[in-house]
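Colleague: The structure under discussion is supplied below as structure tokens; questions concerning it will follow.
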Amino acid sequence: MDLNTVYSPKEVENEIYDFWIKEKIFKAEIKEGVTPYTIVMPPPNVTGSLHLGHAYNSTIQDIMIRFKKMNGFESLWLPGVDHAGIATQIMVENDIMKENLTKEKLGREEFLKRVWDWKEKYGDRIVNQQKRLGIYADWDRHRFTMDSNYQKAVIKAFVKLYNDNLIYKGEYMINWCPVCKTALSDLEVEHIEEKTKLYFIKYPFKNDDGGIIVATTRPETMLGDTAVAVNPNDERYKNLIGKILILPLVGREIPLISDSEVDMEFGTGAVKITPGHDPLDFEIGERNNLQKINILTHDGYINENGGIYKGLSRQEAREKIIKDLNEKGFLVEIKDYFHTIGIHDRCNTPIEPIISKQWFIKMKPLAEEGLKVVREGKVKIIPEKWEKVYENWLTNIKDWCISRQIWWGHRIPVYYCKNCNKMFASENEVTKCPDCGGSVERDPDVLDTWFSSGLWPFATLGWPNETEDLKYFYPTSLLVTAYDILFFWVARMIMFGMYFMKKEPFKHVYIHGLIRDEKGRKMSKTLGNVIDPIEVIDEYGADATRFTFSQLSTLGGQDINLSLVIIKFSRNFMNKIWNSGRFVINFLKDFDKSKKIDLKFKKEDIWILSRLSKVSQLANELIDSYEFGEISNILYEFYWHEFCDWYIELSKLRDDETNKYVLFTVFINSLKLLHPFIPFITEKLYKLTLPDERTILNTDYPKGEDFIFDGKVIEEFEIFMNINKIIRNLKSILNLPLKKKAKVFIDFDEEFLLNWKNKIEFLSFCEITNKKVEDLKNLTEVYKGAKIYLFVEKDYPIEERIDNIKREIENLEKENEILNKRLGNIEFVSKAPVEIIEETKKKKDENEERIKILLIHLKELL
RNA sequence: GGGCGAAUGGCUCAGCGGUAGAGCACUUGCUUCACAAGCAAGGGGUCACAGGUUCGAUUCCUGUUUCGCCCACCA
């Protein structure tokens, strides 16, 4: 067979993926009596493009899906995309700006049409990128959170919550984005530290001289101040409580009140109260019946309540107010100050707390169920540390603001009668009031995107209809996600799953880390350190990319600092697999796989089969416990440094059917073991080896008990390997080329030598003599009782060797001193486990034996 | 303010109650008939610091330092 010596992933990957799609290998079916294994894919944003985080996330899911499929489960991996309300709307708004259009100019209907056009244009991009990774997803079941069925699910969910009194509308302080002009949930606000100023402003008394000095980072909000508050226990102000102050620049009379929430230590201990624009002030205002004045327009400018400052931006107002305060003598001091401000996570605009009428979900009852199901272990979060974080968040949860003043999304199914003012939710679009028949108006707001994503595990399977899919595939088996959306998404899916389905949405949640650049920084466009996974795949291949992720995936779910260099390692491994495949296929070309063979195992056959058995057993255990990094390394080590380095090499000495059978068995089963991690190259080689077979995915994942196991032979083979290493090392000391034959004598068990002599001669390029050659110089080594002599006919530079031996003897003696001390310690001998004591003794004896030999050898050299 | 995580060879990271592992990089020798993206051999680490528990600590506990993250209404 003519196969290139350098593996080129691109052709193979395209060919193999086309084959999988054409043959509908990934199609999941409802199969009576077969246990399903279901994963719903975290839906990327419909307009997004694949980043390394997605690639990592998908790799883990794909490993599990393929592994379970090969273990006899009916694997369903359900893919899809999210409409991503605000994110998408921002993109489209930016796009129409090129035509000098705004969404207001277009109107709601026309704008939404543009968004759908945009979705049509870019919606496939991410799917095509995912396919490059080779993922086993049932594309026929692809879902979009704005599909008409999905819309039905969202409306159904809202109406049920509404009718169960878990959704309410009310006027509360919420996070407002002045650029997106919408309310946001607490989660969508990111907190960043900012260097700013702390301004000290004097508020004079109405009827007395003097006044109170307050400290604030946001002087512009004073336009909305309706009180100043101090702590009731603050001796400095105790007697002044109740006095009336004059609000500078505005002239409003405001009282000095007391509230225990006020921190005496901060600033002057007196705080200005702006109930309209600060959450704490809002509460204090509620407690003290203060007026709440809104001073901002929806796009963040000062409104008519700001008097002469009307029309200024927040920043302009701040500057002008400080200037005016200073001129009029109210500004006492300005200090540098660090504090955190909230910004919108989608557009980075500083958010503004304002009072607004919005829709909320009562979270307490939902959270209780969400907590219960995790506490009871029905949902297991891996690694466990995230359970505490989850618990903590749900325990302190506040009501969730779900209404958004944008257009792209699921419109709230609440109607208002213009005639009798009735407010009601309805699953069907209505035009007339059910009570009075008057005409109705639908609420203009749409729902938070995460409301619809929260329904993902069951809405994608057909809910609210009782579909066969839903019955068979729900609850799903596993959810894989990074920790950054634990609250946004995972917690809400669990709560909604319990509420609507009365059953947990998934049994395991595997939380992994984020992909960062090699310096540990987040990948971002502004930093310019973004690595495009498609470029990585183009250069190194999907298998190498996947193997890298798998190898770096540790159980702790640590973030991964990815440098491109390490993908090379995986690429080299793929190349090794490819070339070993070429060798095996060629070696087996006259081998009839179907023929019964009279097996006559040699030691190395039993060794490699035993190792295959062990590795198969480990693979099953470790994949089931999500230890991908560990098993990746084990498979790498086994394939390259055991199968290729030793078994394949030894095969070159042989020409018998047993060898070919073993070579075939180990090769094919290694491909199966590796398939979930590196699906393309393994499928390709499988089909090249067995042209009549359809796909490796229809085979069973290897189990430990599929192969013979003999631990004694493994030990014996280890001695064999080490003797080879010693001979090679001795040759290397002499600077002898590996292939130059050397004369060697091995003083060891005769039966062992009988078995391995010609193999050592072959692998280490030497000639093993029957007895020690006394008249020649030699280099000597000891391993587990075996003494190995390498004879040297010519003189060679021995000084270095002598130094080395001396140094080694010294080290060994030092070590034995420690070991002797330990063994002489009564506490150690009485308390340490027997194995450890035995090991220590053995180590000591070995060292002594080694010293003895080295001393003799040293004498010979001197 | 609360919580979490990290600190291991030049770099990227595993690991673990019995004196340290991988890949890359480095040094030396190889046109070995699968593979130079390879083969063989090798050098390199007081496992951040200080205490404690233990026969024994890089590993467990406490504290410190540095870095990173999450949550939180201190103006």
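Each reported figure results from applying straightforward, stated rules to the coordinates on display, with no laboratory input. As the structure is a prediction and not an experimental result, all values here were calculated from the model. A quick note on method: Cβ atoms are made from the backbone with ideal geometry, for glycine too, and the neighbour counts reach across all protein chains shown.
Colleague: Using a basic spin-label model with each label point 7 Å from the Cα along Cα→Cβ, how many nm lie between residue A:71 and residue A:168?
Modeller: Result for the modelled spin labels: 4.7 nm.
Colleague: Would you mind getting me the FRET efficiency between residue A:706 and residue A:601? Use the beta-carbon distance for r and R0 = 22 Å, nearest 0.05.
Modeller: 0.90
Colleague: Further question on the same structure: Where does the charge balance sit around residue A:545 when Lys and Arg score +1, Asp and Glu -1, over other residues with C-beta under 13 Å from its C-beta? Intermediate results must be reported in sequence, preceding the final value.
Modeller: Numbers: positive: A:10, A:132, A:546, A:568, A:571; negative: A:13, A:62, A:532, A:535, A:538, A:539, A:543.
So the environment of residue A:545 carries a net charge of -2.
Colleague: Oh, and also: Would you mind checking the tilt of helix A:628-638 against the longest principal axis of the Cα atoms of chain A, expressed as 0 to 90 degrees and rounded to 10?
Modeller: For helix A:628-638, the angle is close to 20 degrees.
Colleague: Treat every Asp and Glu Cβ in chain A as -1 and every Lys and Arg Cβ as +1, leave all other atoms uncharged, and give the resulting dipole magnitude about the Cα centre to the nearest 20 debye. Intermediate results must be reported in sequence, preceding the final value.
Modeller: Working: 124 positive and 136 negative charges, 149 e Å.
That gives chain A a dipole magnitude of about 720 debye.
Colleague: What do you get for the angle between helix A:564-587 and the principal long axis of chain A? Use alpha-carbon atoms, 0 to 90 degrees, nearest ten.
Modeller: On a 0 to 90 degree scale, this one is about 40.
Colleague: Would you mind checking the pairs A:27/A:131; A:814/A:852; A:103/A:181; A:743/A:771; A:181/A:422; A:589/A:759 and listing those with alpha carbons more than 18 angstrom apart? Kindly include the intermediate steps, with their values, before the conclusion.
Modeller: Working: A:27/A:131 15 Å; A:814/A:852 15 Å; A:103/A:181 12 Å; A:743/A:771 11 Å; A:181/A:422 27 Å; A:589/A:759 24 Å.
Pairs exceeding 18 Å: A:181/A:422; A:589/A:759.
Colleague: Can you give the convex hull volume per residue for the Cα atoms of chain A, as a whole number of Å³? Mind dumping the intermediate values first?
Modeller: Numbers: hull volume 221.2 nm³, N = 862.
Hull volume normalised by residue count: 257 Å³.
Colleague: Which net charge results when you count Lys and Arg as +1 and Asp and Glu as -1 among the other residues whose beta-carbon is under 14 Å from that of residue A:259? Write down the numbers at each step before the final one.
Modeller: Numbers: positive: A:238, A:272, A:287; negative: A:234, A:261, A:263, A:278, A:281, A:283, A:286.
Surrounding charge for residue A:259 is -4.
Colleague: Just flag the GluC sites (Glu not before Pro) in the range A:734-806 sitting in loop per DSSP whose Cβ has no more than 13 other Cβ atoms within 10 Å. Walk me through the intermediate numbers first.
Modeller: Details: sites: A:750, A:751, A:761, A:767, A:774, A:781, A:793, A:799, A:800; in loops: A:774, A:793.
Loop-located and lightly packed - A:774, A:793.
Colleague: Still on this model: Sorting A:675, A:191 on the 10 Å Cβ count, fewest up front, what's the list? Before the final figure, lay out each step's value.
Modeller: Numbers: A:675 24, A:191 10.
Fewest-to-most Cβ neighbours within 10 Å comes out as A:191, A:675.
Colleague: Further question on the same structure: Taking other Cβ within 10 Å of each residue's Cβ, how do A:531, A:696 sort, fewest first?
Modeller: Working: A:531 18, A:696 22.
Going from least to most buried by this count: A:531, A:696.
Colleague: Which order, highest average first, do A:14-23, A:98-107 follow once you tally other Cβ atoms within 10 Å for each residue and take the mean per peptide? Numbers along the way, then the final one.
Modeller: Numbers: A:14-23: 14.3, A:98-107: 11.7.
Top to bottom by mean Cβ count within 10 Å: A:14-23, A:98-107.
Colleague: What number, in percent, do you get for the relative contact order of chain A if the mean sequence gap of Cα pairs under 8 Å and at least 6 apart is divided by its residue count? Before the final figure, lay out each step's value.
Modeller: Details: 1421 pairs, mean separation 107.5, N = 862.
In percent, rounded to a whole number, it is 12.
Colleague: Can you figure out the FRET efficiency of residue A:561 with residue A:428, using R₀ = 41 Å and their beta-carbon distance, to the nearest 0.05?
Modeller: Working: r = 52 Å, r/R0 = 1.28.
Once the sixth-power term is evaluated, E becomes 0.20.
Colleague: Same structure again: Among the listed pairs A:471/A:703; A:600/A:741; A:602/A:660; A:821/A:843; A:380/A:522; A:593/A:687, which are separated by more than 19 Å between their Cα atoms? Walk me through the numbers before you get to the answer.
Modeller: Values: A:471/A:703 31 Å; A:600/A:741 31 Å; A:602/A:660 12 Å; A:821/A:843 13 Å; A:380/A:522 28 Å; A:593/A:687 14 Å.
Those over the limit are A:471/A:703; A:600/A:741; A:380/A:522.
Colleague: Can you tell me the 0 to 90 degree angle between the C-alpha axis of helix A:679-689 and the longest principal axis of chain A, rounded to 10?
Modeller: With rounding to tens, the tilt is 30 degrees.
Colleague: Just to confirm a number: summing +1 for Lys and Arg and -1 for Asp and Glu over residues other than residue A:444 whose beta-carbon lies under 10 angstrom from that of residue A:444, what do you get?
Modeller: Numbers: positive: A:108, A:411, A:442; negative: A:441, A:443, A:445.
Every neighbour counted, the sum reads 0.
Colleague: Could you list A:667, A:200 in order of exposure, starting from the residue whose Cβ has the fewest other Cβ atoms within 10 Å? All intermediate terms of the calculation are to be shown ahead of the outcome.
Modeller: Numbers: A:667 25, A:200 18.
If I rank by nearby Cβ atoms, fewest first, I get A:200, A:667.
Colleague: Find the cysteines in chain A that fail to meet the 4.7 Å Cβ criterion with every other cysteine, and list them.
Modeller: A:347, A:401, A:644, A:766
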